[in-house]
Structure formats: structure tokens, C-alpha cells
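Read the structure below first, then the notes.
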Amino acid sequence: MPPISRRGLLGGGVAAAGLAGAGVVGASLAGASDGSSPWPGPGVAETYPFRGAHQAGIVTPAQDRLHFAAFDVTTDDREALVALLTAWTAAAERMTAGEPAGPVGPVEGAADLPPDDTGEAIGLPASGLTITFGFGPSLFRDADGRDRFGLAGRQPASLRDLPHFPGDVLAPGRSGGDLCVQACAQDPQVAVHAIRNLVRIGFGTVSVRWSQLGFGRTSSTSSSQETPRNLFGFKDGTANVLAEETQALADHVWVGEDDDPAGSWLAGGSYLVARRIAMTIETWDRQTLAEQESIVGRTKGTGAPLSGGDEHTPIDFAMPGSNGQPVVPVDSHVRVVHPDHNGGARMLRRGYTFVDGTTDLGGLDAGLFFLAFVRDPLTDFVPVQQAMSRHDAMTEYLRVTGSAVFAVPPGAGEGEHVGQALFA
Amino acid sequence: MTRRLTAAVALVALAVPVLSSCTENAPAAEGSDGDGRTLTVSSSADACDVSATEAPAGTLRFDVTNAGDEVTEFYLLGEDGLRIVGEVENVGPQLTRQLVVNAPAGDYVTACKPGMVGEGIRSDFTVTPSDEEVQVSADEQELVDAAESSYQTYVQDQSDQLLVKTREFAEDYTAGDDDAARALYPVARTHWERIETVAESFGDLDPRMDAREADLEPGQRWTGWHRMEKDLWPQRAGDYTPLTDAQRRTFADGLVADTEELDRRIGDLDFTVDQIANGSRGLLEEVATGKVTGEEEYWSRTDLWDFQANVDGARVGYDGVAPIVEEKDPELASQLELRFTDLQELLDAQREGDGFVSYDELSKQEVRDLADAVNALSEPLSRLTAVVVA
């Protein structure tokens with residue numbers, strides 16, 4: 001049987017690009033070369049280089065689909081952990097280039113062995129796949145404070161479990177984790193393929209603690225993208241930090257050289273806050289349009305703030321409204337979480353909508369898998385979440401069922417594995 | 001409990017209660033397109049341009065666009081320029097909001113109020129006779145008055161009973177008569193749950209009286225019903241340290257004092273029909289989010305008592321406005337009647353003694369059936385307010 005590569009099955013120009021080999025990692029815009037791209041993906045490129053100063057999947061224009069997994073490390077052997085990160089790095093580099101997870105391929109190897117790639121991505125392009133790795137607080141110290149891998153001295157002060165917030169009903173099986181992998185792509189099968197193969201590579205070293213699929217992005221991370229709607233039917237996160245905002249990225253997303261003496265290895269990286277926010281959408285759907293708009297603080301149609309204009313018009317929180325109240329209600333979501341009311345705190349939100357079937361009560365088990373990248377969760381996330389818990393009218397329709405925080409190391413350089421500086 | 005002022009009560013508190021009034025963003029009336037009943041209004045700093053000066057009687061719709069740079073309001077006033085027939089508030093700059101109003105033939109005044117000050121920019125407006133002539137029944141105001149006053153009486157009565165039972169509960173609890181306290185706990189809370197949307201509208205009292213453990217912030221002191229509930233039913237708590245006699249007294253005294261304050265404040269409240277209708281809907285939301293899930297009474301498992309009490313309160317609210325609904329939307333009235341009955345039958349099947357079986361005794365299917373019945377009732381109930389004030 002002749003060798004079949006993922007790209008070899010594609011027709012036209014994309015196949016030709018595939019034949020050019022592994023070097024095709026420049027961010028060529030989807031469809032820009034030959035118009036035959038199978039996804040629309042505004043602003044999303046066909047491939048993103050795995051290596052670089054920062055990990056891909058943060059300022060990368062948010063792809064439409066997500067598969068996210070958190071892992072428990074099951075070994076206490078530091079070398080085994082490093083070996084896994086090395087193997088994951090190699091697999092991630094291949095897959096993000098549109099190649100198989102293993103060096104051999106799904107059907108190219110010996111007939112009497114299981115293939116080193118699971119095969120469901122045969123014929124699919126890279127689909128803008130990014131794979132982003134993170135380290136949870138429990139990697140550094142276990143629940144009893146024990147140093148697991150000789151890394152405790154390098155745990156940044158801000159890398160610790162989030163405090164309990166009112167409204168949290170966390171399931172242990174949906175929270176925490178020693179490691180995380182975020183796979184984003186335009187094609188859900190490509191994202192799932194990435195996680196599945198990384199899980200497989202990790203057996204014996206790690207075990208999946210929880211994972212989450214997201215079927216639609218809820219954020220824009222580039223000015224080239226429209227703000228999508230969440231399951232409440234509203235545009236949310238209009239004030240997101242965007243890839244084009246260099247200064248805001250430096251101030252609010254990337255960890256600085258001098259942020260934490262223990263965490264110098266994290267410089268150029270970020271923190272990832274993951275929250276599984278279930279929406280009680282059946283109850284929400286019974287609110288009148290006017291109430292829904294009051295709760296969000298925006299119109300449902302255009303996303304314009306209630307103080308007028310269009311979606312991107314700055315919100316006038318002081319504008320007087322009827323009955324002696326501001327026209328943007330004081331407990332509306334946009335007001336409570338706005339940087340102006342949180343000491344300038346901002347984040348790069350990259351969340352996804354999920355529906356995990358139905359609940360025992362027959363409602364949709366649906367909501368927002370909130371993902372945010374911040375320079376410091378203690379200053380850019382926790383105060384905002386506390387304000388939301390206390391004052392945001394929307395929290396009535398939300399319950400947080402999972403929560404985790406991870407340190408996302410900077411991008412891997414040539415010849416390095418992800419997070420190498422931590423283990424150096 | 002809910003962590004904050006419920007949206008239903010919070011929002012209606014802002015609404016001006018007027019008979020034959022508006023709902024913003026109500027759906028377009030059937031057949032209103034092209035029949036002269038859909039009008040546009042452009043409100044700017046110095047103009048209030050209505051697309052026509054007259055319209056045929058029936059359901060009129062005004063799409064009010066704010067062309068100015070301050071928040072504006074639009075009113076349809078009676079001939080005297082005083083009586084508010086319908087209004088739409090909080091129209092932000094460049095935004096459009098809708099006023100839907102039933103108007104019988106007659107002379108009216110339109111008014112835009114940019115900046116929400118003064119008399120507004122006024123024009124005469126005429127509603128001409130038509131086949132869709134709206135009859136505002138003379139006794140509708142009587143129905144409204146009756147609904148409002150009977151609901152007020154009901155809320156006050158429940159509040160008084162809550163106070164009596166809370167005092168009894170507190171006595172038993174501080175005296176260490178745990179069996180008696182456990183027996184009284186769901187009974188007293190029934191009176192709270194029947195008026196829950198009112199009781200929890202006091203943002204300072206509610207967290208002190210009805211907070212669940214999961215609702216607390218780190219460092220926040222936990223007081224109120226559920227604190228004592230856990231002390232009386234510690235079985236699910238693992239290694240639980242019982243409260244001392246002194247602690248018991250502190251919590252019990254605090255709850256009684258807060259209940260007295262609540263009772264005083266409730267005495268000052270009036271209720272409008274839209275608040276009553278919204279309260280009815282809000283109580284069913286409480287059932288859907290806290291009771292049918294078995295989360296409200298985590299320790300005692302007496303959720304079904306609360307469930308029934310929420311439904312009682314919703315039912316009383318609905319019964320009060322039902323004569324209005326029967327006039328305006330008989331189909332909705334009969335549907336609500338049917339679905340209240342269906343839900344009540346399911347609840348009745350779980351009665352035991354003077355109360356209900358423990359939530360833990362419900363099978364998955366029984367919980368599911370209850371949830372389905374709550375959804376079936378809640379959907380039409382969510383349209384109640386619009387019908388009542390239409």
C-alpha cells in the first residue's frame with residue numbers, strides 16, 4: 001500500500017502544499033492560496049507554528065472548536081515526566097503542521113502493529129490546530145504540600161487553586177489537574193484527534209482527570225473576528241484583550257521577567273483560568289427580552305450597550321436612565337466585569353460554548369467553558385470573579401461546576417520540549 | 001435561596017404600574033403590519049416625530065428610535081395629557097425600543113422625554129374607531145384593585161405566620177428540643193418559601209437569613225436557617241462539631257430579629273399586578289433552580305415542603321390576577337389552570353403525614369416528572385405579566 005499522509009488525500013493546492021513537507025508551517029491564511037479551504041474561519045490560518053516565543057493558542061485568532069483535557073501525573077519519576085513532555089512536544093509539532101501524531105503514520109507502518117496515529121484525521125488539513133500546554137499547582141506540591149518532582153521551589157506564588165466563589169458547585173472530577181492541554185481547531189475532529197493521541201502517548205505517565213469539548217468559540221481574540229454569541233444569545237466579551245493590542249498583552253497576558261522570583265521560567269508565558277460555567281438556560285429563556293438586556297447591559301440584537309451606539313461604542317456607565325437609575329443597570333454584567341470597575345483588570349478570554357447532553361432533569365447540560373489567559377490570576381481574574389459573584393445579575397443563571405488554573409509556559413524553542421526552562 | 005435580589009422583583013420595582021400599560025419589546029401584534037397600527041417615533045433633543053398623527057383602534061405598536069444623545073422616554077397619554085396609557089423607558093442613544101399598547105378610539109397625546117426631564121415634546125394623536133375596537137372594561141380596575149389588595153393581605157399573613165413559627169422554632173432549638181425543632185423547621189420555612197420572591201428582595205436580610213453554605217464567600221459568617229439546619233441534620237456533614245448552647249442561642253436570636261425586621265418591612269409594601277405576576281413566575285424559577293434539584297435543603301432533605309410552598313405562592317399570585325387573564329387571554333388562563341393542576345397532582349402523590357417524603361425518597365423518574373411539570377407550567381407562566389398589563 002502506498003504511503004498515505006493526512007495531506008496526501010487532499011485535492012488541489014492544499015495537497016501540493018502538503019507535498020512540500022513539514023516545512024509548511026507559516027501562517028498562511030485559510031483559503032488565501034487557492035480558495036479550496038473547507039472552512040470559513042475568518043482570520044484563522046491553516047497552520048500555526050508550534051514553536052515560538054509564546055505558545056500558540058493564546059493570541060491565535062480563536063478557532064471555532066475546542067477539546068481541552070486536564071491530566072493527573074501518575075508517576076513520581078521526574079525523568080518520565082520530562083520524557084512525556086518531550087514526546088508530547090514532538091507529537092504536537094507534527095499534528096499542528098497537519099501531520100500524523102507519530103513519526104510513522106496511521107497506515108504507513110507494519111501491519112502487525114497498532115498504528116502510531118489513530119487515523120481519524122486522515123485527509124483532514126491542520127485546520128488551524130494549536131496545542132497549548134499548562135502546569136497546574138498540584139504538579140509542584142501535592143495536597144499535603146509535598147514536593148513531587150523537585151519543582152516546589154519554582155512554583156510561582158500566583159499559581160495556586162482559586163478561592164471558593166459564591167455560586168461555585170465544583171465537581172472534583174471537573175476541577176484541577178497537574179497538566180492541561182488545550183487543542184483548538186476549525187474542525188472538531190482535528191481537535192479531538194490531537195487530544196486523543198496525546199492521551200495515548202501519555203498512558204503510564206499521566207491519566208486524564210477531566211476533559212471538555214467546546215463546539216463554538218465565544219470570544220474573539222483578533223480585531224479581524226466578529227464577536228460571537230453565547231448560549232444566552234448575547235455577544236459577550238466585546239472588551240476582550242486582542243492580539244493586536246501589544247501593550248495590553250504585555251500588561252495583562254504575558255508574565256514578565258520580574259513578576260515572580262520563583263517563576264522566572266514562566267516569563268513570556270501566561271496563566272490559564274478554566275471555569276466550566278453551566279447556564280440554567282431554561283430559566284433564562286423565560287426572562288423577557290427587556291430583562292435579558294438589563295441583565296447583560298447590552299441589546300440582544302446588535303450587542304450595543306444600553307447607553308447607546310453600536311457594539312463597539314464605549315459604554316457610558318454614568319448616563320442617566322429612567323427612574324433615577326443609570327441606563328446601564330448597576331448590576332448588569334457589562335458594568336460589573338468592566339475593567340473600569342475592577343482596577344483596570346483585563347483578560348484575554350478564549351472560551352467555548354458546550355452542550356454535554358442533558359441533565360437528569362431533562363435540561364440541556366450546557367454553558368460556557370470559560371478560558372482566560374492572564375498575567376496574574378490574583379489581580380486580573382479573582383477580583384473580577386468576586387465582583388461577579390457579589391453583584392452580577394447574570395450569576396442567577398450560572399453555576400460553576402468546574403475550575404482550574406494552570407501556568408502556561410512560554411513557547412518551546414528549537415530542540416526544546418515545552419516547559420523546558422522549568423526543568424532546567 | 002438566591003444570592004441576590006431576584007431579577008423579577010428587582011426589575012418590576014422599576015416599572016411604573018399602570019393599567020392598560022405597555023410592555024417594551026413585546027412581540028408585534030398580529031396583522032399590525034401595513035394596517036396603520038405600526039408607527040415609528042424618532043426622538044431627538046428637540047423633536048418627537050411620530051410617523052402618523054392617527055391610527056385605527058386596536059393593538060398599536062410604536063418603534064421608538066432615539067436620535068439624540070441622551071436617554072429618552074416615550075409616552076402615550078390620555079386626552080388630559082396626564083393619564084399614562086403606555087410608556088417605554090430607557091431608550092439609549094441610537095437604540096430602538098418598542099411600545100405595544102391597546103388603545104380604544106379617542107384623543108391622545110404623544111410625548112417624547114429626552115433626558116427624562118420636563119413635560120416632554122408633545123403632539124396630539126387620534127385613535128379612530130375600527131373593527132378591532134378595544135373595550136376597556138370598567139370593572140377591570142376593580143379586578144386589579146382586588147388582586148393587589150388580596151395579594152398584599154396574603155403576603156402580610158404569611159409573614160406574620162413566619163414570625164410566629166420562627167419564634168417557636170427558635171425556642172425549641174435553643175432549649176435543645178431537637179425533635180421539636182426538626183418538626184417545625186419545614187413548617188416555618190413554608191411561610192418563607194410562599195413569599196420567597198418578596199422576602200429575598202431585601203438584599204441585606206436574605207443573605208443573613210437564607211444563605212446556603214455554598215453561597216458564602218471565604219470569611220463570610222454563615223447565619224440563618226440553613227446554619228441551624230446543618231446543626232439539626234448533621235448526617236451528611238461527615239465529622240461535624242455540634243454548635244454549643246451559646247452558639248445556638250446566637251443564631252436563633254439573630255434569625256428571630258431578622259424575621260421581625262422582615263415582617264416590619266413587608267408591612268410597608270404594596271404590590272402591583274405586574275409585580276404579582278412576576279412574583280408568580282419567580283417562585284416557579286425558585287422551584288426549578290433549587291427545589292426540584294434537591295439543593296435548597298441539603299441537610300434536612302425537606303425540599304418538597306419548600307417546593308409546595310413556592311407553588312402555593314405562585315398559585316395565589318396567579319389566582320389573584322386570573323380574572324384579568326381570563327378576560328384578556330382565556331386560552332392562557334385555561335392552560336395555566338391545567339398545568340398548575342398537573343403539577344399539584346404530582347406533589348400530592350408525595351405527601352406523607354402533614355408534609356412530604358424526604359427528597360432522597362424520590363426516584364430519578366419522579367424527580368424528572370416533577371421537573372417536566374415545572375417546565376410545562378413555567379413556560380406559559382412566563383407570558384403572564386405581559387398579558388396582565390396589556
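The values are calculated or read from the model by the stated rules, or taken from the named source; none is laboratory data. If you're wondering where the values come from, they're calculated on a predicted model, not measured in any experiment. Cβ coordinates were reconstructed from backbone atoms using ideal geometry, including for glycine residues, and neighbour counts include every protein chain displayed.
A compact table of results
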item	result
Test: residue in segment B:272-281 that is of a type outside the set (D, E, K, R), surrounded by fewer than 20 Cβ atoms within 10 Å (Cβ to Cβ) and in contact (Cβ under 8 Å) with a residue 40 or more places away in the chain	no
Evaluation of A:D310 against (1) within 11 Å of chain B (Cβ to nearest Cβ); (2) surrounded by 21 or more Cβ atoms within 10 Å (Cβ to Cβ) (one fails), failing number	(2)
Candidates B:G203, B:G176 - the one that is part of a loop (DSSP other than H, G, I, E, B) and under 27 Å from the mean Cα position of the chain (by Cα)	B:G203
Filter result (under 18 Å from A:Q386 (Cα atoms) and either out of contact with any Ser or Thr (no Cβ under 8 Å at 6 or more places or on another chain) or of a type in the set (S, T, Y) (or both)) within segment A:344-364	A:G344, A:R346, A:M347
A:V206 vs. criteria closer than 24 Å to A:A121 by Cβ and within 19 Å of the chain's Cα centre (by Cα)	no
Enumeration of residues in segment B:218-256 that are acidic (D, E) and either under 22 Å from B:K291 (Cα atoms) or modelled with pLDDT of 95 or more (or both)	B:E229, B:D231, B:D245, B:D253
Some residue of segment B:171-185 being in contact with a Lys or Arg (Cβ under 8 Å, 6 or more places away or on another chain), modelled with pLDDT of 95 or more, within 30 Å of B:L76 (Cα to Cα) and surrounded by 15 or more Cβ atoms within 10 Å (Cβ to Cβ)	no
Single residue of B:A252, B:A309 found to be among the hydrophobic types (A, V, I, L, M, F, W, C), surrounded by fewer than 24 Cβ atoms within 10 Å (Cβ to Cβ) and in a helix (DSSP H, G or I)	B:A252
Count of segment B:211-237 residues which are in contact (Cβ under 8 Å) with a residue 60 or more places away in the chain, touching a Ser or Thr at 6+ places or on another chain (Cβ under 8 Å) and either loosely packed, with under 13 Cβ neighbours inside 10 Å or within 12 Å of chain A (Cβ to nearest Cβ) (or both)	1
The lone exception for A:R298 - which of (1) farther than 30 Å from B:K291 by Cα; (2) away from chain B (no Cβ under 11 Å); (3) touching a residue at least 60 places away in the same chain (Cβ under 8 Å); (4) not aromatic (F, W, Y) it fails	(2)
Some residue of segment B:148-158 being closer than 14 Å to B:V256 by Cα, hydroxyl-bearing (S, T, Y) and assigned by TED's automatic domain parsing to the domain that holds B:Q275	no
Conditions (1) modelled with pLDDT under 95; (2) within 11 Å of chain A (Cβ to nearest Cβ): number failed by B:V101	(2)
Residues located in segment B:139-181, provided they are small (G, A, S) and within 29 Å of B:P234 (Cα to Cα)	B:S159, B:A170, B:A175, B:G176, B:A180, B:A181
Residue check for B:D369: in contact with a helix residue (DSSP H, G or I) (Cβ under 8 Å, 6 or more places away or on another chain) and surrounded by fewer than 20 Cβ atoms within 10 Å (Cβ to Cβ)	yes
Residue in segment B:77-98 that is more than 14 Å from chain A (Cβ to nearest Cβ), more than 25 Å from A:E293 (Cβ to Cβ) and either surrounded by 17 or more Cβ atoms within 10 Å (Cβ to Cβ) or modelled with pLDDT of 95 or more (or both) present	yes
Qualifying residue in segment A:84-96 (condition: of a type in the set (G, A, S), at pLDDT 95 or above and surrounded by fewer than 22 Cβ atoms within 10 Å (Cβ to Cβ))	yes
Test: residue in segment B:331-354 that is surrounded by fewer than 19 Cβ atoms within 10 Å (Cβ to Cβ) and touching a Ser or Thr at 6+ places or on another chain (Cβ under 8 Å)	no
Single unsatisfied condition, A:V253 versus (1) within 11 Å of another protein chain (Cβ to nearest Cβ); (2) crowded, with 21+ Cβ neighbours inside 10 Å	(1)
Which listed residue is touching a helix residue (DSSP H, G or I) at 6+ places or on another chain (Cβ under 9 Å) and modelled with pLDDT of 95 or more, from B:D329, B:D342	B:D342
Only one of B:E70, B:E87 that is of a type outside the set (F, W, Y), in contact with a Pro (Cβ under 6 Å, 6 or more places away or on another chain) and closer than 30 Å to A:T302 by Cβ	B:E70
Counted residues, segment A:406-423 - those being closer than 18 Å to A:Q155 by Cβ and either of a type in the set (D, E) or surrounded by fewer than 19 Cβ atoms within 10 Å (Cβ to Cβ) (or both)	3
Segments classed as helices (runs of 4 or more DSSP H), wholly inside segment A:322-424, with at least 3 members that are within 14 Å of chain B (Cβ to nearest Cβ)	A:333-337, A:382-391
Some residue of segment B:144-152 being touching a residue at least 12 places away in the same chain (Cβ under 8 Å), closer than 30 Å to A:K300 by Cβ and crowded, with 20+ Cβ neighbours inside 10 Å	no
Failed criterion for A:Y271 (all others in (1) outside any helix (DSSP H, G or I); (2) surrounded by fewer than 18 Cβ atoms within 10 Å (Cβ to Cβ) hold)	(2)
Residue within segment A:353-360 that is in contact with a strand residue (DSSP E or B) (Cβ under 8 Å, 6 or more places away or on another chain), at pLDDT below 95 and over 22 Å from A:Q182 (Cβ atoms) present	yes
Unique residue being modelled with pLDDT under 95 and over 25 Å from the mean Cα position of the chain (by Cα) when the list is A:G43, A:G105, A:G31, A:G23	A:G23
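Rundown of residues vs (1) in a loop (DSSP other than H, G, I, E, B); (2) touching a Phe, Trp or Tyr at 6+ places or on another chain (Cβ under 7 Å); (3) within 25 Å of A:Q186 (Cβ to Cβ), yes/no style:
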{"residue": "A:M95", "(1), (2), (3)": "no, no, yes"}
{"residue": "A:D112", "(1), (2), (3)": "yes, no, no"}
{"residue": "A:G123", "(1), (2), (3)": "yes, no, yes"}
{"residue": "A:S138", "(1), (2), (3)": "no, no, no"}
